[in-house]
Amino acid sequence: MTSILAFNIAQFFPSLNHQLLSLILNKAGFDPKVLFFFCDYLVGKKTKYLWNNFSSSLFNVDIGVSQELALFPILSALYLTLILHILEKQLKNLKILVSILSFIDNGLLVTQNKSLAVSNSLLFCSYHIVSFLLE
């Protein structure tokens, strides 16, 4: 019997700190040119709000990865790779037999077991671990 738990992580991306991405890329051993490109692309951005005749002053927007960005699929993969790697190690250490599938802003946890109760328990534990990591 195969059981699947799908979850949406779209709200994870608006709160991402771009300084974290530079740490992830550095830790993963990316070339400094790649690191500089993404830092330059994301960090130091400013925006302002316009509403009718009102215009706010400029303020920093060094957080969040918008799905409208051309590089969103790449950025989301870079952020999630480390989290999914940690999740996979934790599940393996806990002997939780769950497969992980990720689709940009959605995730699937998949398990196979003869017992629905065991499958549900594995998915429940896995979901709480991934929620904790995303927080």
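The values are calculated or read from the model by the stated rules, or taken from the named source; none is laboratory data. Remember, predicted model here, so these are calculated numbers, not experimental data. All Cβ positions, glycine included, derive from the backbone under ideal geometry; neighbour counts span all protein chains shown.
Overview of results
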| quantity | calculated |
| --- | --- |
| First in segment 19-33 and under 26 Å from N60 (Cα atoms), second anywhere and in a helix (DSSP H, G or I) and of a type in the set (S, T, N, Q), Cβ under 8 Å, 6 or more apart | I24/T81 |
| Candidate set from segment 42-67 (those that are at pLDDT 80 or above and in a loop (DSSP other than H, G, I, E, B)); member that is nearest to Y79 (Cα to Cα) | L58 |
| The listed residue being modelled with pLDDT of 80 or more, part of a helix (DSSP H, G or I), among the aliphatic types (A, V, I, L, M) and under 18 Å from the mean Cα position of the chain (by Cα), out of L122, L133 | L133 |
| Evaluation of Y127 against (1) surrounded by 13 or more Cβ atoms within 10 Å (Cβ to Cβ); (2) at pLDDT below 75; (3) among the hydroxyl-bearing types (S, T, Y) (one fails), failing number | (2) |
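Each row is one residue, and each column tells you yes or no for (1) more than 16 Å from the chain's Cα centre (by Cα); (2) modelled with pLDDT of 85 or more; (3) not in a helix (DSSP H, G or I).
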residue	(1), (2), (3)
D40	yes, no, no
A70	yes, no, yes
S76	no, no, no
Y79	no, no, no
I83	no, no, no
L91	yes, yes, no
K95	yes, yes, yes
S102	no, no, yes
L109	no, no, yes
